[in-house]
Amino acid sequence: MTLTPFQQLVQGRRSIRRFLPQPVEREKILACLEAARRAPSAENAQTWRFLVIDDPDLKARFSSEAFSGLYSMTKFAAQAPVLVLVLARLDFLANRLGKQIQGVPFFLIDIGIAGEHFVLQAEELGIGTCWIGWFSFRKARKLLRIPRSYKIVSLIAAGYYDKKPSREQIRKPLDEIAWFNAFKG
């Protein structure tokens, strides 16, 4: 079966942990942000916010704070030319009702969709990315003066990859994760 361009893009995307020091053009980051902005969201709340850190001095300060101590296993991200802090604005009614009634924080789904739009656009532009959730939210909030009305959700490291992993990702077979018309787990 021949893969469509989108299927090739999805299959080719990998989490990148080694980046070249080459800066990423602002236009490419803006294209990724535009792709994220186009994502759907519950009640069109568009709760996502993105704080792009591409100033080398600020990125170095952020990295020394956010990737220290318990979080040192993610210090590889410090070498990425761009760090994108992914935030959620929490003052939307859809956020509160969704969590209260359904028990599902819908803003996390919305942010996941927007973030994936970002990383897929980056992949298409030849920029490697890695989603990161393991860093000091407290230190990031303090350094960047992020108000409490915004929840830090994750970080996306972005840059030109030094070496893209070539091995095929191991995935469970489709019949193990999806069923038609009846639960078979």
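Only the coordinates and a few stated rules stand behind these numbers; no lab work does. Note that this is a predicted model, so its numbers are computed, not measured. FYI the Cβ positions are ideal-geometry reconstructions off the backbone, even for glycines, and counts take in every protein chain you see.
The table below gives the values:
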| read-out | value |
| --- | --- |
| Cβ crowding within 10 Å averaged over residues, with 155-162, 18-25 ranked highest first | 155-162, 18-25 |
| For I16, distant residues with modelled amide H under 5 Å away | T129, C130 |
| Centre separation in Å (Cα based) which lies between region 109-157 and region 1-73 | 7 |
| Mean separation of Cα contacts under 8 Å (6+ apart) over length of region 34-185, as relative contact order % | 30 |
| Sequence-distant lysines (8 or more away, or on other chains) whose Cα lies within less than 19 Å of K184 | K172 |
| Estimated vicinal HN-Hα couplings, Hz - region 58-70 in sequence order (Karplus 6.51, -1.76, 1.60; Gly, Pro = x) | 5, 4, 5, 5, 4, 4, 5, 7, 6, 10, 9, x, 4 |
